[in-house]
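Q: This is the structure I have questions about; it appears just below.
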Amino acid sequence: MAALTRIQDKIKELFGRDSLDWLSLSYAIDWLVASTFFFLGGFVSHLPPFEREFSPGDPVISHKHHSSQISGTLNGSIALYIPLILAVVVGAMKRSAVGIHHAALALWAGRSLTRFATECLKNRIGRLRPDFLARCKWDAAAKACTGKSVNILDGRRSFPSGHSSTAFAGMTFLSLWLAGQTAAWCFAAPVSGRAATASRLGRFTLALLPLAYAIWVAVSRLEDNRHHKEDVIAGALIGALCSGICYFIYWPNPFSANNFTPERVGQPRVTYGPRESYNERSNGGFELTRLQDDTEHV
């Protein structure tokens, strides 16, 4: 407890005395749930997949085996740490502890949910990769695969693409977060100043760049004969959907001009806390104003 108190005091010293007023036990539960999804996904990934029957003459699974253009470890690191580092740097510049926390939690939750959904589908469906026969090393006399068992089992986990879902999970969050910080996707929001940073097209392009990386990863899986086109499409949709849901839990809509007023631009949701505080900070006082208007007309 003493160590935790010292950490809280240090955060308040760096970010301000009221920088931790948003803290709630509910966030600890959110972290626990997200982490549970992540580790459950890891557990499922080590289970043997469904063994689908195949024909040794099937041209769909007879493509050559190539090395990956980007490894799973590197792809996972880029999709997790690049958005996290950017969010931490911007949050530190704004002296916003809640901004750093909400970005980290939304990113981790989206990544974890994506991993769980992807691994469950991979093992349950057991679709064969395009290079499965190269992994299998089919022996016609023995009527069995003679390749390494680890390669054969991995060859049965084509749908959906884990590389694609991971990349889109991280990069969808980053695109949404950048749009929320810059109003890149909300053309009705006012942009002040005439500096280069006020460029509408520049901001729009910046917010789309992460998705360009995710698309490249997905295409590379087709080029490497690791996945069918349906695999990467499904993986991309899973990653984008899971990440988008988790983003909107903790951050406001980047398409709404109401979230780009001077006092609210780039600020996360007050997800948990007193109801009056939530209405005031997240709804811009709309409910109070409506009540006053109704009273005046009685």
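Q: For the stretch 148-164, state whether one or more residues are in contact with a Pro (Cβ under 9 Å, 6 or more places away or on another chain), under 18 Å from Cys120 (Cβ atoms) and basic (Lys, Arg).
A: Within the stretch 148-164, one or more residues are in contact with a Pro (Cβ under 9 Å, 6 or more places away or on another chain), under 18 Å from Cys120 (Cβ atoms) and basic (Lys, Arg).
Q: Within the stretch 13-29, is there a residue that is more than 30 Å from Arg95 (Cβ to Cβ) and at pLDDT 95 or above?
A: If we filter the stretch 13-29 for residues that are more than 30 Å from Arg95 (Cβ to Cβ), which is where we start, we get none.
Checked against the condition, which is being more than 30 Å from Arg95 (Cβ to Cβ) and at pLDDT 95 or above, the stretch 13-29 yields no hits at all.
Q: Quick test of your reading of the structure: Asn225 fulfils all but one of (1) part of a loop (DSSP other than H, G, I, E, B); (2) out of contact with any His (no Cβ under 7 Å at 6 or more places or on another chain). Name the failing condition by number.
A: So the condition that Asn225 fails would be (2).
Q: Answer yes or no as to whether Asn253 is surrounded by fewer than 20 Cβ atoms within 10 Å (Cβ to Cβ) and on the phi > 0 side of the Ramachandran plot.
A: Details: surrounded by fewer than 20 Cβ atoms within 10 Å (Cβ to Cβ): yes; on the phi > 0 side of the Ramachandran plot: no.
Judged against the criteria, Asn253 is not a match.
Q: What residue, of Ala167, Ala189, is among the small types (Gly, Ala, Ser) and either within 19 Å of the chain's Cα centre (by Cα) or surrounded by fewer than 18 Cβ atoms within 10 Å (Cβ to Cβ) (or both)? Outline the logic, then answer.
A: On the way: Ala189 fails: either within 19 Å of the chain's Cα centre (by Cα) or surrounded by fewer than 18 Cβ atoms within 10 Å (Cβ to Cβ) (or both).
Only one candidate qualifies: Ala167.
Q: While we're here: Please count how many residues of the stretch 107-166 are part of a loop (DSSP other than H, G, I, E, B) and either in contact with a strand residue (DSSP E or B) (Cβ under 9 Å, 6 or more places away or on another chain) or not basic (Lys, Arg) (or both).
A: Within the stretch 107-166, the subset part of a loop (DSSP other than H, G, I, E, B) is 126-131, 137, 140-143, 146-148, 155-161.
Among the residues that remain, those that are also either in contact with a strand residue (DSSP E or B) (Cβ under 9 Å, 6 or more places away or on another chain) or not basic (Lys, Arg) (or both) are: 126, 128, 130-131, 137, 140-142, 146-147, 155, 158-161.
Of the residues in that region, 15 qualify.
Q: Val44 fails exactly one of the following numbered conditions: (1) under 30 Å from Asp21 (Cα atoms); (2) in a helix (DSSP H, G or I). What is the number of that condition?
A: Failing condition for Val44: (1).
Q: Could we say that Val88 is more than 27 Å from the chain's Cα centre (by Cα), surrounded by 12 or more Cβ atoms within 10 Å (Cβ to Cβ), at pLDDT 90 or above and of a type in the set (Val, Ile, Thr) here? Even if it seems obvious, please write down each step before you answer.
A: Details: more than 27 Å from the chain's Cα centre (by Cα): no; surrounded by 12 or more Cβ atoms within 10 Å (Cβ to Cβ): yes; at pLDDT 90 or above: yes; of a type in the set (Val, Ile, Thr): yes.
Here the answer is no, as Val88 does not meet what is asked.
Q: When residues of the stretch 167-200 are filtered for being part of a helix (DSSP H, G or I) and modelled with pLDDT under 90, how many remain?
A: Quick first cut of the stretch 167-200, residues part of a helix (DSSP H, G or I) only: 167-182, 196-198, 200.
Imposing the further condition that a residue be modelled with pLDDT under 90 reduces the set to 196-198, 200.
Number satisfying all stated conditions: 4.
Q: While we're here: Restricting to the stretch 93-115, give me the number of residues that are under 19 Å from Ile238 (Cα atoms) and surrounded by fewer than 22 Cβ atoms within 10 Å (Cβ to Cβ).
A: Applying the first criterion (under 19 Å from Ile238 (Cα atoms)) to the stretch 93-115 yields 105-115.
Then keep just the ones that are surrounded by fewer than 22 Cβ atoms within 10 Å (Cβ to Cβ); that gives 105, 108.
Total meeting the criteria: 2.
Q: Okay, moving on. Are any residues in the stretch 58-85 within 21 Å of the chain's Cα centre (by Cα) and in a loop (DSSP other than H, G, I, E, B), and if so, which ones? It would help to see each step written out before you state the result.
A: Taking the stretch 58-85 and keeping what is within 21 Å of the chain's Cα centre (by Cα), we get 70-85.
Answer for the stretch 58-85, where residues must be within 21 Å of the chain's Cα centre (by Cα) and in a loop (DSSP other than H, G, I, E, B): Ile70, Ser71.
Q: Would a scan of the stretch 203-219 turn up a residue that is among the aliphatic types (A, V, I, L, M) and under 13 Å from the mean Cα position of the chain (by Cα)? Before you say what the answer is, go through the steps one by one.
A: Restricting attention to the stretch 203-219, the residues satisfying the condition of being among the aliphatic types (A, V, I, L, M) are 206-209, 211-212, 214-215, 217-219.
Then drop every residue that is not under 13 Å from the mean Cα position of the chain (by Cα), which leaves 211, 214.
Yes, the stretch 203-219 has at least one match.
The values are calculated or read from the model by the stated rules, or taken from the named source; none is laboratory data. Just so it is clear, the model here is predicted, and its values are computed rather than measured. We place every Cβ from the backbone using ideal geometry, glycine too, and count neighbours over all the protein chains shown.
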